[in-house]
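One structure is given here, and the rest of the page talks about it.
The values are calculated or read from the model by the stated rules, or taken from the named source; none is laboratory data. None of the values given here were measured: they were computed from a predicted structure. Quick reminder, even Gly has a Cβ in these numbers, built from the backbone with ideal geometry, and neighbours come from all protein chains shown.
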Amino acid sequence: MLSTHSEHPVSAPAPVPVKIIVAGGFGVGKTTLVGAISEIPPLTTEAAMTSLGAGVDNAGEVTTKTTTTVAMDFGRITVDESLRLYIFGTPGQDRFGFMWNELTAGALGAIVLVDSRRIDDSFPALDFFENRGLPFVVAVNQFSGHLSHDLNDVREALDVDLDVPVIATDARSRAAVKQTLLVLLDVVLQRAMGRTR
Amino acid sequence: MNGPVHGEHERQSLSRPFLAGLQPTRDPISVTGQEEAGAIRPYFVTQGRVHQGLSGFETIYVLTPGGAAGLDQLSFEHRDIAALCRSPQSIVEISALLKLPLGVATVLTRDLATQGYLAASEPVADPANDPSLIMRLINAVHAL
C-alpha cells in the first residue's frame, strides 16, 4: 500500500532517528535540495504552531495567541537497519523563530541555503544557529548553474565566523548536495572529536 | 530599493536583524496560508486532544507483534496508522502520508504506543557528541 520498501520484520526494533535541518528563505531551493538526496520523494507535513503574544505591542494587557500553520518538507536517508537520517527543510523567516527551539532540538547540524541575490533572507537562521551553537554550513545555491556573487563576498556580507564553511552547491544535483552534506558532517565530526578528546 | 535584489552597498550595510534587536516585519511568505478551519475532523478523532509544538516529531514507530494481531480491534484512524507502521515510520511520515496535521498524528500515534500496538524509537539524545554515530552517517552519505 503506502509502504515503499520491503516489510520490516515484525519484532525488530525500529531504527533510531537523527535529523539535519535545511533552513533558508522562501524559494531558495530547500525542497529541491531535500529531494536531490532523499531516498523517498520529499514529503510535507503541516504543523499548527501557537506563538504566545507574538507581535503584541500594546500596553501588554492583551495576550494574543497566534496560530500559524507551518509546512515542513522532509526526506530521509537510511544509514543502516538501526539508524535513519531525516532532513527537514524549514521556513527560515523571522516570523517562525518561535518554533525553531523545538524544531532543532536534538538536531545534528544545519545547512543554511542561501540565494546570493537575497542574502538577508538567511540572517534569522544564521543568528539562531550561532546563538544555539548548532554546527552549520552556509551553502550558496547556484541558480542556473552559476553563482551570482563570489563566495568571499557572500561570506563577508553574512558575517559568519571563519570556521563556518561557505560553499557553493546546486540544490538540483545529487552529487552537489551529497558534498554539502559531507561538509556539514565533517564540521559536526570535528566538533565532536574536539569535545571528546 | 526594497526589491529582492540588493545593490552591493546596501547588502553590506545590512545589519543582522536578531543581533540588532530589530524585528523587521516581512510579508508572510512560505506559509501555507491556510487557517485551521478545514481541520475539524482530524481534531474530532483525537477527541479534542491537541499536541502543541513539534517535540518528538521524528520519533519512529513500528508495529509490535501484539499490535499486528490486534489490528482489527482498532478504530479506523488508529488502524491506518498502525498498518502504516508495519514498516517503521516517524510521526512526520505518518502525518504526511495519512494527511493528518502533525499534532493529530502525534496524539493518535502515542495512543497506539501507550496501548502496546506500536514500539517507539526515540531520537538519539545527543548525536552531536557521538563521533562513531557521525562516522556511520558520513560512510552512508559517501556510499550514496
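Tell me yes or no: at least one residue of segment A:104-117 is closer than 28 Å to A:V16 by Cα and among the acidic types (D, E). Let's see the steps before the verdict.
Initially, segment A:104-117 is screened for residues closer than 28 Å to A:V16 by Cα, giving A:104-113.
Checking which are among the acidic types (D, E) leaves us with none.
There is no residue in segment A:104-117 that is closer than 28 Å to A:V16 by Cα and among the acidic types (D, E).
Please go through segment B:76-93 and give me each residue that is without any contact (Cβ under 8 Å) to a residue 12 or more places away in the chain and either surrounded by 24 or more Cβ atoms within 10 Å (Cβ to Cβ) or not in a helix (DSSP H, G or I) (or both), ordered by number.
B:E93
Among B:D111, B:D130, which is the only one that is over 17 Å from the mean Cα position of the chain (by Cα) and surrounded by 17 or more Cβ atoms within 10 Å (Cβ to Cβ)?
Numbers: B:D111 fails: over 17 Å from the mean Cα position of the chain (by Cα).
Testing whether each residue is over 17 Å from the mean Cα position of the chain (by Cα) and surrounded by 17 or more Cβ atoms within 10 Å (Cβ to Cβ) leaves just B:D130.
Among the residues that make up segment A:182-192, is at least one of them over 25 Å from A:R84 (Cβ atoms), under 19 Å from the mean Cα position of the chain (by Cα) and either basic (K, R) or not in a helix (DSSP H, G or I) (or both)? Let's see the steps before the verdict.
At the first step, the residues of segment A:182-192 found to be over 25 Å from A:R84 (Cβ atoms) are none.
Taking every residue of segment A:182-192 in turn, none turns out to be over 25 Å from A:R84 (Cβ atoms), under 19 Å from the mean Cα position of the chain (by Cα) and either basic (K, R) or not in a helix (DSSP H, G or I) (or both).
For segment B:29-73: of the residues being at positive phi and surrounded by 18 or more Cβ atoms within 10 Å (Cβ to Cβ), which is modelled with the lowest pLDDT?
By that ranking, first place goes to B:S30.
Looking at B:L133, B:L118, can you tell me which residue is in contact with a Cys (Cβ under 7 Å, 6 or more places away or on another chain) and without any contact (Cβ under 8 Å) to a residue 60 or more places away in the chain?
B:L118
Testing A:V138 on (1) under 20 Å from A:T32 (Cα atoms); (2) touching a helix residue (DSSP H, G or I) at 6+ places or on another chain (Cβ under 6 Å); (3) at pLDDT 90 or above, one condition comes back false. Which one is that?
Result: A:V138 fails condition (2) only.
Return only the number of the condition from (1) of a type in the set (A, V, I, L, M); (2) at pLDDT below 95; (3) more than 13 Å from A:P17 (Cα to Cα) that B:A140 does not satisfy.
(2)
Applying the selection to segment A:150-181, what residues are within 21 Å of A:N131 (Cβ to Cβ) and assigned to a loop (DSSP other than H, G, I, E, B)?
A:D159, A:V160, A:D161, A:L162, A:D163, A:V164, A:P165
With facing another protein chain (nearest Cβ under 9 Å), at pLDDT 80 or above and over 23 Å from B:L97 (Cα atoms) as the only criterion, which of A:G106, A:G24 stands out?
A:G106
Can you name every residue in segment B:57-75 that is outside any helix (DSSP H, G or I) and aliphatic (A, V, I, L, M)?
Once the filter is applied, which keeps residues that are outside any helix (DSSP H, G or I) and aliphatic (A, V, I, L, M), segment B:57-75 yields B:I60, B:V62, B:L63, B:L74.
Are any of the residues in segment A:152-168 among the small types (G, A, S), without any contact (Cβ under 8 Å) to a residue 40 or more places away in the chain, surrounded by fewer than 16 Cβ atoms within 10 Å (Cβ to Cβ) and within 13 Å of chain B (Cβ to nearest Cβ)?
No, every residue in segment A:152-168 fails to be among the small types (G, A, S), without any contact (Cβ under 8 Å) to a residue 40 or more places away in the chain, surrounded by fewer than 16 Cβ atoms within 10 Å (Cβ to Cβ) and within 13 Å of chain B (Cβ to nearest Cβ).
Quick test for you: out of B:A140, B:A105, B:A96, pick the one residue that is surrounded by 15 or more Cβ atoms within 10 Å (Cβ to Cβ), assigned to a helix (DSSP H, G or I) and out of contact with any strand residue (DSSP E or B) (no Cβ under 6 Å at 6 or more places or on another chain).
The conditions single out B:A105.
Would segment A:114-129 turn up any residue that is touching a residue at least 40 places away in the same chain (Cβ under 8 Å) and among the basic types (K, R)?
Yes, segment A:114-129 has at least one match.
Which of (1) within 19 Å of the chain's Cα centre (by Cα); (2) at pLDDT 65 or above is the odd one out, the single condition B:F76 does not satisfy?
Answer for B:F76: the failing condition is (1).
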